[in-house]
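Structure first, then comments.
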Amino acid sequence: MIKEKQSAEELIASLSDELVKVKVMPHPLLRTLPWFLIATAYMVIVISIIGLRTDIDVKINDNGFVYELLHIFAISISAALCSSWLCVPDMRGRSKWIIAIPVALLAIFILEGINRFNIGIIHNINMSWHHCYGDALVFSAVPAFAILAISIKGNTTHPYLMSLMNSLSVGALGYAALRLTCSSDDIAHLSSMHIIPYLLFGIIIAALGRNIYRW
Amino acid sequence: MSDAQNWKELAVKAQDGDKRAYSTLLTEILPFIKASIISGLANPDWADDIAQDVLISVHKSLNSYSNDRPFKPWLKAIISFRRTDFLRKHYKIKEINERGQINAETLSEKVTFQTDLSELSYIEGAILTLPVKQQQIFKMIKVEGYSAKEVAQEMQMSVSAVKVSVHRSVNKLKKILGEHD
C-alpha cells in the first residue's frame, strides 16, 4: 500500500516537473471554421480545374437540386461541428446526442434517395471503374487530412463517434462537389459512384476511430 | 471555497505553467479519482492503476480544459473513459491468456515429455524453414508415421528420393535446433 502511494506521489511529482504553459484549445466553433474555409477553398479550386457540370445553368434553377446541395452542406457542417465538440473530453457540457442532428439529416437524405430508387434501377448499377471514383478521392483528400489534423490535437472520449462525424462531414462535402461536376442525375449512378464509395470508406474510418484518435 | 471552485482555479494556474498549483491539483483530485473508479471494480487493486492512467490523461489533455466550464465534468469524462479503456484492455488480455492456456493444455496432452513443451515452438519454427515438399514428407514420415513406400506412392516419387528428402530434412533440423542449445 505504501509502495503504491509512493508511486502515485512520484507520478504527480514527475508530471508537475514536466509541466509547461499550455495553449488552451479554442472554442469548437472556432476550430470548425478553419476546416470549413480550407475545405471550401480546396473544393472551389478543384471544381474550377475539373469544370462544372455542363448543365449547371439549368440545374441552378432547379429547386430540387438546390435543396439537395443545401441539405448535403447542412450534413457536412453539422457533422464537422459535432466532431469539434467531441474533441473535448466533456464535450463542453453537450450531450453526445448532438450527433442526432447530422444523423437525422443523413437519414432524411437516404430516405429521399430510396424514394427515388426502384428495383428496376438495380440492373443499371455498374461498379466498374469510373472517373467519379477518382474525383471523389481528389475531392475528399485535403478536407479529410485537414479534419484529421484538427481532431487529432483534441482528446476525445468518444473516438468512434468523432471518427464517424469526420467521415460524414468529408463525405458529404465530397458528394456535393461531385454533384456540381458530374452531369449524371441517374440515381443508380449516384448511389454506386457517389454514395457507396464514401459510405464504405466512412464505415472503415469510423471503425478505426479508437486507433486513430488514441491519446 | 468548494473543491470544484478550487480545482478550477488550480487548473487555470496550471495551464499558465504554475507547477506548484498543478502538483496541488493532482494531489487533491487523486482521492476523488479513486473514489469515482472503485465502485463496481472486480479487483479494488486496479483503482491505483486506473487512477494513474487518469492523472497522465489529465496531464495530456490539460489544454482541452476551458476555464468557462466547471472542472469536475471534464475530469469525470476522463475518469470514465480511462476506466472503460482499462477494463476493455484487461478483459482482452485475459481472453488471450485463456486462449493460450487452452492451447497449452491441448499441446500438453500430445507431448510425451512435458519438460520439452517449451521447445515445441522452436521445432515448429525449424520445420517451417524447410521447403514445402520436404516439410510434407518429413511430417508424413516422422509425425504421422507413414512408411517411405506409402509416402513415395502418395507423392509420386521413388522410395529412395523420399529417404534422401527425410535425411536432408533431419540434418537441416539438427543444424538449426543445435543453434538453440
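The values are calculated or read from the model by the stated rules, or taken from the named source; none is laboratory data. In this text the structure is predicted, and so the values were computed from the model without any measurement. Positions of Cβ are generated from backbone atoms using ideal geometry, with glycine treated the same way; all protein chains shown enter the neighbour counts.
A few comments on the model shown:
- When residues of segment A:186-215 are limited to those that are of a type outside the set (Lys, Arg) and assigned to a loop (DSSP other than H, G, I, E, B), the one surrounded by the most Cβ atoms within 10 Å (Cβ to Cβ): A:Tyr213
- Scanning segment B:13-22 for residues that are of a type in the set (Gly, Ala, Ser) and facing chain A (nearest Cβ under 7 Å) gives B:Ala14, B:Gly17.
- Complete set of residues in segment B:46-74 that are out of contact with any helix residue (DSSP H, G or I) (no Cβ under 7 Å at 6 or more places or on another chain), outside any helix (DSSP H, G or I) and crowded, with 19+ Cβ neighbours inside 10 Å: none
- A single entry from A:Arg53, A:Arg31 fulfils the requirement of being in contact (Cβ under 8 Å) with a residue 60 or more places away in the chain, outside any loop (DSSP other than H, G, I, E, B) and touching a Cys at 6+ places or on another chain (Cβ under 8 Å): A:Arg31.
- Condition check for B:Gln5: within 11 Å of chain A (Cβ to nearest Cβ) and either modelled with pLDDT under 90 or within 16 Å of B:Leu75 (Cβ to Cβ) (or both): no
- Candidates B:Leu25, B:Leu41, B:Leu10, B:Leu75 - the one that is touching a Ser or Thr at 6+ places or on another chain (Cβ under 7 Å), more than 7 Å from chain A (Cβ to nearest Cβ) and among the aliphatic types (A, V, I, L, M): B:Leu10
- Check on B:Ile56, touching an Asp or Glu at 6+ places or on another chain (Cβ under 9 Å) and at the interface with chain A (Cβ under 10 Å from one of its Cβ atoms): no
- Flag for A:Ala149 being free of Cβ contacts under 8 Å to residues at least 12 places away in the same chain and surrounded by fewer than 14 Cβ atoms within 10 Å (Cβ to Cβ): yes
- One residue from A:Val88, A:Val20, A:Val24, A:Val58 being exposed (fewer than 12 other Cβ atoms within 10 Å of the Cβ), outside any helix (DSSP H, G or I) and aliphatic (A, V, I, L, M): A:Val20
- Segment A:27-55 - residue that is within 14 Å of chain B (Cβ to nearest Cβ) and over 14 Å from A:Ser169 (Cβ atoms) and, of those, surrounded by the most Cβ atoms within 10 Å (Cβ to Cβ): A:His27
- Scanning segment A:149-183 for residues that are out of contact with any Cys (no Cβ under 8 Å at 6 or more places or on another chain) and outside any helix (DSSP H, G or I), we see that the one that is nearest to A:Ile110 (Cα to Cα) is A:Ser183.
- Some residue of segment A:73-89 being over 16 Å from the mean Cα position of the chain (by Cα), more than 21 Å from A:Tyr175 (Cβ to Cβ) and of a type outside the set (Gly, Ala, Ser): yes
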